[in-house]
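Report on the following structure.
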Amino acid sequence: INEIGHFALVLAFVLSVLTGTVPLLALRRGWHSLAQLAIPATLIMAAAVILLRGVGIGFLASDFSVVLVASHSHSAKPWIYKFSGTWGNHEGSLLLWIVILALFAALLAMGGRGMATGLKIRTLAVQALTSAGFLAFCLFTS
């Protein structure tokens, strides 16, 4: 499960960097069909972040091979405290912000029908760059 979570973290980071740069450059050059790829890329990035959130199963299963679980949990804890322990540390709260950003970006990608297409793509790109910052911090420091 840990390797799947790490893969999802790397995938979400790469997608967020691409979603934050390629559509903006495509809009600037007038390649609107390429810029439209921001919408499915945002949805895939959000799915990768939700998969990353699934790593919290290590807390519920008391998987002490994970350093984070070993330092913030123990086997005698009730399951509700194990579940909430996923948010009760630095990495967990950072992951909470990443999940919130990804969910709001996915909601905008699926909705936003009244918005101008260029504005929607630019907004998704800025949200992706913000997510890339949080994901980079999580990936390279935690």
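The values are calculated or read from the model by the stated rules, or taken from the named source; none is laboratory data. A quick note: this is a predicted structure, and the numbers were derived from the prediction, not measured. Reconstructed Cβ throughout: ideal geometry from the backbone, glycine too, with neighbour counts over all protein chains shown. Note: areas computed on protein heavy atoms with side chains; ligands, DNA, RNA excluded. Shrake-Rupley method; radii C 1.70, N 1.55, O 1.52, S 1.80 Å.
Checked across region 1-19, the condition of being surrounded by 15 or more Cβ atoms within 10 Å (Cβ to Cβ), at pLDDT 75 or above and among the aromatic types (Phe, Trp, Tyr) holds for at least one residue. When Ile57 is tested against (1) at pLDDT 75 or above; (2) open to solvent by 20 Å² or more (accessible area, probe 1.4 Å); (3) of a type in the set (A, V, I, L, M), exactly one condition is not met: (1).
Residues in region 20-47 that are under 17 Å from Gly111 (Cα atoms) and surrounded by fewer than 19 Cβ atoms within 10 Å (Cβ to Cβ): Gln36, Leu37, Pro40, Leu43, Ile44, Ala47.
Within region 127-142, which residues are more than 19 Å from Pro23 (Cα to Cα) and open to solvent by less than 30 Å² (accessible area, probe 1.4 Å)? Reasoning before the result, please.
Narrowing region 127-142 to residues more than 19 Å from Pro23 (Cα to Cα): 134-142.
Leu135, Ala136, Cys138, listed by residue number.
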